[in-house]
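> Take this structure, written in structure tokens, and hold onto it; I'll ask about it next.
The values are calculated or read from the model by the stated rules, or taken from the named source; none is laboratory data. None of the values given here were measured: they were computed from a predicted structure. We place every Cβ from the backbone using ideal geometry, glycine too, and count neighbours over all the protein chains shown. In case anyone asks, the SASA skips ligands and DNA or RNA and just uses the protein heavy atoms, side chains included. Shrake-Rupley method; radii C 1.70, N 1.55, O 1.52, S 1.80 Å.
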Amino acid sequence: MAKAEVAEYRGCENLVYAKITKDDSETYTTGEVKELAGLAEVGVTVEQSSETKYYDNNPALVLKGQGAETRTFTIDHLPLALLAELTGQDVDKTTGAILGGGDVKNPYFAVGYVTEVTSGVKTYKWSLKGTFAIPDETNTTKNGGTDSNNLSLVYTGIATTHKFSNGGKKTYVALEDVQPDGSTIDLSTWFDKVQTPDTLSTFKKVQPSV
């Protein structure tokens, strides 16, 4: 058996978002895809549970369940208008000031980004439905060094209400730009709109030029 190439995760980029305008049994639609922020790091945690069932004095069945997916994006500074949009906070119509502390509307968004491994293979991703939490913020005094602080933006992803013809209800889609046979998929339009299980058929393998 041929030994697999050793590779590690190294790289993330192109964090974008789109507001979900409709998600029901018949339709899944979003607004315009927009740039969110500079991306420094992504952490993904999937809520999972399992239980072993016993019959005839032996473990005979394992039941598994999957819950929400939490994606923590380490990003640069967020303008107040964008922060208010993502977190559903009230904004003063005259000045644009955030009016915090009230009822939070929790709008739903799709989120896209790219990760990379040391072999050069990139994975293009869309998380299809979720909400953003108000990020923790730390500010420190200026000093003689170069210290600065970023933000951790937490996105909780859930399954869509809409059932896609290619895969049912889903939380995310992900596609690698290089396949095992060496062919390449043209993903130049991946972020033109939110990609779902039903749009994947538009991406075709292209043989590399010689």
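> Do any residues in the range 84-111 that are within 17 Å of residue 132 (Cβ to Cβ) have Cβ atoms under 7 Å from those of residues that are acidic (Asp, Glu) and open to solvent by 50 Å² or more (accessible area, probe 1.4 Å), where the two are at least six apart or on different chains, and which pairs are they?
102/90
> Right, next: If you take the residues in the range 88-143 that are exposed (fewer than 14 other Cβ atoms within 10 Å of the Cβ) and part of a strand (DSSP E or B), which one is modelled with the lowest pLDDT?
136
> Are there any pairs with C-beta distances below 9 angstrom linking a residue in the range 18-33 that is more than 14 Å from residue 86 (Cα to Cα) and of a type in the set (Asp, Glu) to a residue that is assigned to a loop (DSSP other than H, G, I, E, B) and open to solvent by less than 30 Å² (accessible area, probe 1.4 Å), with the two at least 6 apart or on different chains, and if so which?
Note: pairs meeting the criteria are 23/160; 23/162; 24/162; 26/162.
> State whether the residues of the range 12-33 include one that is in contact with a strand residue (DSSP E or B) (Cβ under 6 Å, 6 or more places away or on another chain), assigned to a loop (DSSP other than H, G, I, E, B) and either modelled with pLDDT under 90 or open to solvent by 90 Å² or more (accessible area, probe 1.4 Å) (or both).
Among the residues of the range 12-33, not one is in contact with a strand residue (DSSP E or B) (Cβ under 6 Å, 6 or more places away or on another chain), assigned to a loop (DSSP other than H, G, I, E, B) and either modelled with pLDDT under 90 or open to solvent by 90 Å² or more (accessible area, probe 1.4 Å) (or both), which makes the answer no.
> Can you tell me which residues in the range 152-210 are among the charged types (D, E, K, R), assigned to a loop (DSSP other than H, G, I, E, B), open to solvent by 50 Å² or more (accessible area, probe 1.4 Å) and modelled with pLDDT under 90?
Those that are among the charged types (D, E, K, R), assigned to a loop (DSSP other than H, G, I, E, B), open to solvent by 50 Å² or more (accessible area, probe 1.4 Å) and modelled with pLDDT under 90: 181, 186, 204.
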